[in-house]
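J.: Let me begin by handing over the structure; questions about it come next.
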Amino acid sequence: MADLRRTAAFAAALYRRRLDWAYHGYVRRDPVALLHLRAGRENPYAVYDGMRAAGPLAPTRLGNWVTTSHRVCSAVLRDRRFGVNATELTVPVPDDEFDMSFLDRDPPDHTRLRRLAQPAFSPRQMAGYRPRIEARVDELLDRAGADFDLVSAYAAPLPIAVITDLLGVPDADADRFTRYGAVIGSALEGIHSLRHAARLKAANDELRELFESLFALRRREPADDVISRIVAAEGDQIQPAEMLPMCSLLLVAGFETTVNLIGNAVHALLAHPAQWADLCADPAGLAAAAIEETLRWDPPVQRTARCAQEDVELEGRTVARGKFVVTLLGAANRDPEVWPDPDRFDIHRPQTVEHLAFSSGIHYCVGAPLARLEATIALQRLAERLPGLRRNGPLRRRASSVIRGPLHLPVQAPARARADHGLTA
């Protein structure tokens, strides 16, 4: 009976929140609420443009603050007077703690745990991964037909193969891990329904079983992988209860950012044929620039938040202790005070200002070097081998206002273009 009451209370809270967003978004035209609704998910940039009129720092109806300014976002993300406390931004899962390891922690725990993960993404490790990424990309393109879904056939299998290799997961099932990454990643902005909560719990349970068996294996047989390093640090740098959340975070971070970055890049380029033609004319020279422009123009992570650990004076306002500043990364990356003609997608744009697609400060994305490397190689090889690539159906987006990217992106590679590059029709 107690479990039933908790489930009923949880469901009631979920649906109250959805009704609240609908009322304040559609009726009161509250921009923060609009971002959670279909129109805001489809085109958040139009909402951001309307929010700029309120100034660089604006109050929200719930007593927090929101900013579209690159300058303010950067300052907040770097300021140690602000911390993270993501649990207050979501509805908890009943009888299950949603723990995202050092993503949810402030120093000193954040520092301790991040230091353990950092070596996996060093320049030396990235150099070692390049040949494996290139081989995997070519394998995926060899298997692609004339018509294929860019996400399920290309953008998703690549990062899953790489991150499971990095973790040391033997014989990883790409479809299974894609589902894990998508389910856990979709919960970063909160649980949407009881069904969503059940899928999340099931994914967490399956991952717990998998990783615990791998922990036991690597205690007996260490290898050159992340799980072996985590096991070796058990009881010193990391406690047993922290091991599963760290592995889950690395899985999600290794999947969500990269799959959506590749999807957003290809979508943007095919929507701008002249830009795609320029890339195909110089894939090696322009692939990295195209990825950086995608990160600025349509980043996979649209926002994050920081909680004031003390009263902070910001832009002439007082952000009281315990109040959040929602940093709209997608808006900051199109700030007209920083970039000329910011809504224009241009892979030739000079990279003179640091975008905030990977956040900033101590929580700067630990996997950014790997995401950049995978996405650049994926885009370069796509342009080299399939220059005639084009859209072949409607794009379907993820139902998320935090993680932005295509769920399905049907494409077609004309037979002539494929044959010209040594591929079968």
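J.: Could you rank ASP278, ASP79 by how accessible they are, 1.4 Å probe, largest area first?
T.: Numbers: ASP278 60, ASP79 35 Å².
Greatest to least solvent exposure: ASP278, ASP79.
J.: Please work out the C-alpha center-to-center distance from the stretch 99-168 to the stretch 341-402 and express it in whole Å.
T.: 15 Å
J.: Solvent-accessible area of VAL301, probe 1.4 Å, all protein chains present, reported in Å² to the nearest ten, please.
T.: 40 Å²
J.: OK, next. If you keep only loop residues by DSSP, which trypsin sites (Lys or Arg not before Pro) in the stretch 289-367 have at most 14 other Cβ atoms within 10 Å of their Cβ?
T.: On the way: sites: ARG296, ARG303, ARG306, ARG317, ARG321, LYS323, ARG334, ARG344; in loops: ARG321, LYS323, ARG334, ARG344.
Passing sites in the stretch 289-367 are ARG321, ARG344.
J.: Same structure, new question: Just to be sure I understand the model, the point goes 7 Å from the Cα along the line to the Cβ. What's the resulting TYR26 to ALA274 distance in nm?
T.: 4.0 nm
J.: List the pair-distance distribution P(r) of the stretch 174-318, using every Cα-Cα distance, as the percent of pairs falling in each 5 Å bin from 0 up to the bin containing the longest distance, rounded to whole percents.
T.: Distribution as computed: 2, 8, 13, 13, 12, 13, 13, 12, 9, 5, 1, 0 percent.
J.: Round to the nearest 10 and report in Å² the accessible area of THR318, as given by a 1.4 Å probe over the protein chains' heavy atoms.
T.: 70 Å²
J.: Here's another thing I want to ask about it. DSSP loop (so not H, G, I, E, B), at most 13 other Cβ within 10 Å: list which chymotrypsin sites (Phe, Trp or Tyr not before Pro) in the stretch 337-374 pass both filters. Working shown, then result.
T.: Working: sites: PHE345, PHE358, TYR364; in loops: PHE345, PHE358, TYR364.
For chymotrypsin sites (Phe, Trp or Tyr not before Pro) across the stretch 337-374 that sit outside H, G, I, E and B with at most 13 neighbouring Cβ atoms in 10 Å, the list reads TYR364.
J.: May I pose another question? Report the Cα-based extents of the chain along its three principal axes, largest first, to the nearest Å.
T.: 61, 58, 41
J.: Can you compute the modelled spin-label distance between GLN239 and ALA53, with each label point 7 Å from Cα toward Cβ, in nm?
T.: 5.0 nm
J.: Sticking with the crude label model, points 7 Å out along Cα→Cβ, report the distance from ALA39 to HIS348 in nm, one decimal please.
T.: That separation, rounded to one decimal, is 3.7 nm.
J.: Then there's this: Can you check what the net charge comes to around LEU409, using other residues whose Cβ is under 15 Å from the Cβ of LEU409 (Lys, Arg +1; Asp, Glu -1)?
T.: Here the charged neighbours net out to +2.
J.: Let me ask something else. Based on DSSP H assignment, which helices of the chain show an axial Cα extent of at least 24 Å together with a mean Kyte-Doolittle hydropathy greater than or equal to 1.0?
T.: Numbers: long enough: 2-22 (30 Å, -0.27); 123-143 (30 Å, -1.10); 194-220 (39 Å, -0.56); 240-271 (47 Å, 1.20); 368-385 (25 Å, 0.13).
Helices meeting the span and hydropathy rule in the chain are 240-271.
J.: Still on this structure, please answer the following. If each DSSP helix of 4+ residues adds -39,500 (n - 2.57) and the sum is divided by the residues in the chain, what number results at 222 nm, nearest 500 deg cm²/dmol? Don't jump to the answer; show the numbers that get you there.
T.: Values: 17 runs with 219 residues, N = 425.
Per the formula, -16500 deg cm²/dmol.
J.: May I pose another question? When the accessible area of the stretch 146-275 is computed with all protein chains present and a 1.4 Å probe, what percentage of it is carbon and sulfur? Spell out each step's value before the answer.
T.: Working: 2460 of 4710 Å².
Whole-percent figure for carbon plus sulfur exposure: 52.
The values are calculated or read from the model by the stated rules, or taken from the named source; none is laboratory data. On a predicted model such as this, the values are computed, not experimentally measured, just so you know. Because the Cβ atoms are built from the backbone with ideal geometry, glycine has one as well, and the counts that use them run over all protein chains shown. Ligands, DNA and RNA are stripped out before the accessible areas are found, and what is left, the full protein with its side chains, is counted by its heavy atoms. Shrake-Rupley method; radii C 1.70, N 1.55, O 1.52, S 1.80 Å.
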